[in-house]
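The values are calculated or read from the model by the stated rules, or taken from the named source; none is laboratory data. Because the structure is a prediction, the values reported are computed rather than measured. Cβ sites come from the backbone with ideal geometry, for glycine too, and all protein chains shown count toward neighbours. Keep in mind that these areas ignore ligands, DNA and RNA; they rest on the heavy atoms of the full protein, side chains included. Shrake-Rupley method; radii C 1.70, N 1.55, O 1.52, S 1.80 Å.
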Amino acid sequence: MFTEIPLVRPLTPLLDSIVEPAALRCLEKHQLPQVAEELRHYLLYTVGQTGGHFGAGLGVVELTIALHYVFDTPQDQLVWDVGHQTYPHKILTGRRERMGSLRQRDGIAPFPSRDESPFDTFGVGHSSTSISAALGMAIAARMDQRAQRTVAVIGDGAITAGMAFEALNHAADTKADMLVVLNDNAMSISKNVGGLAKYFARILSSRLYLSMRAGSKRLLSRIPHAWELAKRTEEHMKGMVVPGTLFDELGLNYMGPIDGHDLETLVTTLENIRDLKGPHFLHVITQKGKGYGPAEASPVGTHSLTKIEPTQQNDKKVPKAPSYSNIFGRWLVDMADQEPRLVGITPAMREGSDMIAFSEKHPDRYFDVAIAEQHAVTLAAGFACQGAMPVVAIYSTFLQRAYDQLIHDVAIQNLNVLFAIDRACLLEDGPTHSGAFDLSFLRCVPNLLIMAPSDENELRQMLYTGFMHPGPAAVRYPRGTGPGVEIVAQMTQLAIGKARLSREGQQVAILAFGSMLAPALEAGEWLNATVVDMRFVKPLDEAMLRDLSLSHSILVTVEENTLAGGAGSAVNEFIAVSNLPVSTLNLGIPDRFVAQDKPAQMLADCGLNAAGIHTAITARLAALATTESLQALRP
């Protein structure tokens, strides 16, 4: 059991000999526990150097070893769900010495990536995709007559999503040759992990049992009603010992649960299953954070780790400024105290969205729907139909999964639902988690009010404004802290669609949306430009835009959202329709997926820091001056 994150690279002689899984398969089975010990130690060290997700990875060390030991990867396709747990997989598949570059520019991706390694068979970041992807691979292999085994590894949280059950249902219908491994680290049925369950799992996966089952079916099917009676008896016996009746009913052969940290049992069971035909389901019980004391004691709190500095242990803790998520959490409690109709909904992001205090103070009005974003949004619509006032706390990148529900179930009916959209920004986890598209996909939806706060107090007041607004409203805000302004406890509704003049200048007007106000103000000082905190993306402050167009040579929009269809596009549309005599320059995230890096560097690469904004505006002014000079020379 480890109790501290190692600051010096541990000695891992056996692990160092494993360049790829083929080398792992050359080891004797009795050596695998040592590999697991060294892998767990090395994982703690590398994540301490870089930061990142590690609790889930610690929990699947033995499972990862067993899968690569039994299956001929990458010829056999191993599909991971979400990807939080894949650091051990990366270490075993040729990327051990590059783990120090995790989440850095041109470094190891924080999630599986097809561009990075042939062992990463499917790129992920969002949950509940593995079974669908693995099923497609299995059917394709069958069509091509390729000897390929396919395995999907999915967690107990991810399998709650509807997409996972849709895939399970289809898998049974196609009779594809695939294995679904349920990595259950919730310990909800830990009582089944013991001698009897282990024995039963081995029996259910054994060739003797399966051959007897197949032979019995052929024999009894000739006798009227005999096979139906035998099958019901078998299901009844299995249901008394294991919770697999649901999966059996879906048409998958259920096995387990087994101890996911018992390498001998894992390897034996997987070897029994490996060459079986049809869809099979193996239930594995693991412990998140296994082997690291603090993570075992607090699996949620240690889901992810920040980089450990050598001097950090002796430093005194400095109180942190409240993050935007913290401010939302405080507002939610304050608003709920005033309004008994408020209900809070989250798709499994209680801690990330900072709904802990609300869930504890108002448990009867707190609803965690698990990883089911579509259900979360339509649930809110149902609440709103009955006069409740729902608040959906959701990350920008996860809201993408519920787009139809947002349009069809909320916006068309003009229901009073507030969307608190967190992580609406570039993130070091890369393209799968960066909130770069919400302004674009929300702005085209009728009836929707869209706001973007530039500071902490603006967030509090916008949440209140959106909550009181008669219809759907969205407030999008970034991760981390703001500029540190004083937060006014008194909640006041903002005037809908009214921007705020932050700096008066000449010639250039910079229209900043949300988090871009601070760098826009800095660039504005250098250029003596007017700077406006736009506040509202929909509706825009058209009166302000008209006045600025008549008094300035160029309007510059700045947003932490993709340029295509974003806030800048909205300004362009208004300028064009109104036929206003002003040039425009749009600055935002370019038309590409921005790779992982430190967020500040990602913004700089996109030209969204003060220097980048200044450079872009200066270049446009020079171009405009050249054009004007050429026009003046014309007869």
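Each other residue within a Cβ distance under 13 Å of VAL488 adds +1 if Lys or Arg and -1 if Asp or Glu, for a net charge of -3. Please label the shape of the stretch 393-531 as rounded, prolate or oblate, based on the square roots a ≥ b ≥ c of the eigenvalues of the alpha-carbon gyration tensor (a/c under 1.5 means rounded; beyond that, a/b larger than b/c means prolate, else oblate). Verdict is prolate for the stretch 393-531. Close amide-amide hydrogen proximity is noted between VAL343 and MET389, VAL391, each under 5 Å apart and 5 or more residues distant or on a separate chain (H modeled in the peptide plane; Pro and chain starts excluded). Considering all C-alpha pairs of the stretch 355-453, those separated by over 19 Å amount to 43%. Between LYS29 and GLN507, the distance separating the two model label sites (each 7 Å from Cα on the Cα→Cβ line) works out to 7.8 nm. Which shape class, rounded, prolate or oblate, goes with the stretch 48-139 when its Cα gyration tensor gives a ≥ b ≥ c as root eigenvalues, a/c under 1.5 marks rounded, and past that a/b bigger than b/c marks prolate? Prolate, because a/c is 1.5 or more and a/b exceeds b/c. Per atom type, the stretch 46-180 shows carbon and sulfur on 48% of its accessible surface, probed at 1.4 Å. Basic side chains Lys and Arg get +1 at the Cβ, acidic Asp and Glu get -1 at the Cβ, and with that the dipole of the stretch 92-143 about its Cα centre reaches some 60 debye.
In the context of the full set of protein chains, the stretch 506-635 has a per residue accessible area of 44 Å² (1.4 Å probe).
For the stretch 305-448, the per residue solvent-accessible surface stands at 43 Å², with DNA, RNA and ligands left out and a 1.4 Å probe.
Remark: the stretch 1-113 carries a charge dipole of roughly 300 debye about the Cα centre, counting +1 on each Lys and Arg Cβ and -1 on each Asp and Glu Cβ. Once you sort the root eigenvalues of the Cα gyration tensor of the stretch 444-595 as a ≥ b ≥ c, which label holds: rounded (a/c under 1.5), prolate (a/b larger than b/c) or oblate (the other case)? Rounded, since a/c falls under 1.5. Using the Cβ-Cβ distance between VAL577 and GLN413 with R0 set to 25 Å, the FRET efficiency from 1/(1 + (r/R0)^6) comes to roughly 0.35. Taking the average, over residues, of other Cβ atoms within 10 Å as the packing measure, peptides 447-453, 421-427 rank 421-427, 447-453 from highest down.
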